[in-house]
Amino acid sequence: MYGLRSGADLNFLKGRTLVQACFGPHDLILNFDEDVSISIWSALAVGQSGADLQRHAAFAEVGQEVLRLLEKAVLEVGWTLSGTVSLTFEGDQLLELYDDNAGYESYAISSPAGLIVV
């Protein structure tokens, strides 16, 4: 629960297309084009933008919703210093990541420019 560093800029995620979702019992890896990936180890929410989203710690609970994002591009990116990241995909679908894991990393974003670990 360390949040994002001040000055963090996640705008490089705009325009990235989700090409693969890899599910494990304790992690979810989202691979995008242009060698960008997000590894998730804590809760996330996914659903229609503007709807009340529920956090899910078990990735199997959101498997179908995540798979619907395949081949969709990220249109908007939002983030807070507390570590919440919001990705709006084509079709007005929203994926939110949370920094809610008290003793461990919550997620990591990898790109050719470097690695961001939260």
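Sort out which residues of the range 16-26 are in contact (Cβ under 8 Å) with a residue 40 or more places away in the chain and touching a strand residue (DSSP E or B) at 6+ places or on another chain (Cβ under 6 Å), and write them in order of number.
Arg16, Thr17, Leu18, Val19, Gln20, Ala21
If you go through the range 4-30, how many residues are farther than 14 Å from Leu87 by Cβ, open to solvent by 40 Å² or more (accessible area, probe 1.4 Å) and not acidic (Asp, Glu)?
Matching residues across the range 4-30 total 10.
From the list Leu30, Leu4, Leu81, pick out the single residue that is modelled with pLDDT of 95 or more and among the aliphatic types (A, V, I, L, M). Steps first, answer last, please.
Values: Leu4 fails: modelled with pLDDT of 95 or more; Leu81 fails: modelled with pLDDT of 95 or more.
Step by step, each of Leu30, Leu4, Leu81 is checked, and only Leu30 is modelled with pLDDT of 95 or more and among the aliphatic types (A, V, I, L, M).
Any residue in the range 34-61 that's at positive phi and without any contact (Cβ under 8 Å) to a residue 60 or more places away in the chain: show its pairings with residues that are among the hydroxyl-bearing types (Ser, Thr, Tyr) and surrounded by fewer than 12 Cβ atoms within 10 Å (Cβ to Cβ) at Cβ separation under 7 Å, as long as the two are six or more apart or on different chains.
Nothing qualifies.
Could you check how many residues of the range 81-118 are open to solvent by less than 10 Å² (accessible area, probe 1.4 Å) and at positive phi?
So the answer is 1.
For Leu70, are the conditions met, namely being part of a strand (DSSP E or B), among the aliphatic types (A, V, I, L, M) and touching a residue at least 24 places away in the same chain (Cβ under 8 Å)?
Judged against the criteria, Leu70 is not a match.
For the range 49-58, state whether one or more residues are under 13 Å from the mean Cα position of the chain (by Cα) and assigned to a strand (DSSP E or B).
Yes, the range 49-58 has at least one match.
The values are calculated or read from the model by the stated rules, or taken from the named source; none is laboratory data. For clarity, every value in this text was computed on a predicted model and none was experimentally measured. Glycine also receives a Cβ, built like all others from the backbone with ideal geometry; neighbour counts cover every protein chain displayed. The accessibility values were calculated without ligands, DNA or RNA, using every heavy atom of the protein model including side chains. Shrake-Rupley method; radii C 1.70, N 1.55, O 1.52, S 1.80 Å.
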